[in-house]
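The block underneath contains the structure these notes are about, expressed in structure tokens.
The numbers here are math on the coordinates, done by the rules we state, and not lab data. None of the values given here were measured: they were computed from a predicted structure. Every residue, glycine among them, receives a Cβ derived from its backbone with ideal geometry; neighbour counts consider all protein chains shown.
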Amino acid sequence: METIVRIPTPLRTLTGGADEVSATGGTVGEAIDDLERKHPGIRDRLLDDKGVRRFVNIYVGEEDVRFLDGLKTVLRQGDQISIVPAIAGG
Amino acid sequence: MNRRANARALVVGIGGLGCPAALALARAGVGTIGLCDDDIVERSNLHRQILFGDSDVGKSKLAAAVRSLGEAFPSLLLKTHETRLSPERAMDLVGQYDIVLEGTDNFATKFLTADACALAAVPVVHASAVRWIGTVLAVGARCRPCYRCVFEDAPTDGVPNCAEAGVMGPVVGVVAAIQVDLALALIDARDVTGAFVSFDGRTDAFRRHTFASRRDCALCGVAARIRCIDASTYASLPCET
């Protein structure tokens, strides 16, 4: 299944400046694996050996995957993934 | 309006977010506003730090902010805290206020503010803006859910997080407006917690994500580990610029 992934500004250097990209996979983890194939380096910015990095949030629709099934969260037709990292500035 | 007139709001960080936030709080009728910062006005600040003008360059931000706000709102009670929010003073300082608006440019102060407000049971609205992106989230006095439910800990690498990364002036205006909107809601006793709002200035798109308390949250979870302010927790953190 193809899912739209919204890319935050800090990670757009890895997507050629694109703020939205597509990823294929039946789960969030599979979609991230596909993102890594298309945009090498992005996986390390999102995940560490314990899962989603502590200062990054990954949402499916409005829901944080931490409160769903983590990387095993199943993607359905029409779902969109949003990546929201912690930022500090103003 | 009585709630607002009687409210005491502390603005931590008088920068691109803190300037419009303080102004909006004053215009909304908040009676007492505390300002916390130890920086001076630089010319590069002026495009987004709207309390300051050319003649303020080189002066204390707090002095310039007090002049600007004091002229516009003579009856407003302004309190100044010309210091960085430090682990030693954080609990005492936030405890003097009914609500805190945090808009600082570093993760150490963000997490310190989050922890101090939680331990002091003071509501806080966090805001951030880097380049074209801004985020806002509100935490109530009961601290559940909290900032650490969303961001467990500060980044250790690879995340742009400092003012040097740049920020668009109009973006901080929008983000500060949302921050004050949420702060006023909390002052008015409306529950606006559990939502995380992001704004993309390139597309003018808002997104609202909901979040809940994390059971294993270090600050508000069932086995919370953060019971006091430990200065070593808030050592300077690296940033990518």
Next on the checklist: Run the simple label-point estimate for B:D92 and B:D38 please: 7 Å along Cα→C-beta, distance reported in nm.
Outcome noted: 1.4
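Once the Cα gyration tensor of chain A is found, what semi-axes does its equivalent ellipsoid get, as square roots of 5 times the eigenvalues, in whole Å, sorted largest first?
Numbers: eigenvalues 64, 48, 32 Å².
For chain A, the semi-axes come out at 18, 15, 13 Å.
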Checklist entry - Taking a label point 7 Å from the Cα of B:R27 along the Cα→Cβ vector, which residues of the stretch B:56-88 have an amide N closer than 16 Å to it? => result B:68-74
Checklist outcome for this item: Ranked from fewest to most other Cβ atoms within 10 Å of their own Cβ, A:R53, B:R27 fall in the order B:R27, A:R53
Next on the checklist: If you average the alpha carbon positions of the stretch A:52-69 and of the stretch B:192-225, how far apart do those two centres end up, in angstrom?
Outcome noted: 10
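Return the FRET efficiency for the residue pair A:S22, B:A185: r is the Cβ-Cβ distance, R0 is 41 Å, and the value is rounded to the nearest 0.05.
Working from the Cβ atoms, E equals 0.65.
Take every residue in peptide B:124-132, count the Cβ atoms of other chains within 10 Å of its Cβ, and give the average of those counts. Don't skip to the end; give the middle numbers.
Working: counts 0, 0, 1, 2, 5, 4, 8, 6, 4.
Mean shielding count: 3.
Based on the Cα gyration tensor of the stretch B:2-234, what are the three equivalent ellipsoid semi-axes, each the root of five times an eigenvalue, rounded to whole Å and given largest first? Don't skip to the end; give the middle numbers.
Working: eigenvalues 129, 79, 63 Å².
Working from the Cα gyration tensor, I get semi-axes of 25, 20, 18 Å.
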Checklist entry - Given the Cα-Cα distance of B:S55 and B:R207 and 0.36 nm per residue of separation, how much length would full extension add, in nm? => result 50.9 nm
Item to check | Packing-based order for A:54-61, B:94-101, using average beta carbon neighbours within 10 Å, highest first | outcome: B:94-101, A:54-61
Item to check | Within straight-line cross-link reach of A:K38, lysines at Cα separation under 28 Å, skipping those fewer than 8 residues along the same chain | outcome: A:K50, A:K72
Next on the checklist: Checking the cross-link filter: which lysines have an alpha carbon closer than 16 Å to that of B:K61, excluding same-chain neighbours under 8 positions apart?
Outcome noted: B:K79
Checklist entry - Modelled label-to-label distance, A:R37 and A:F67, 7 Å Cα→beta-carbon offset: nm? => result 3.2
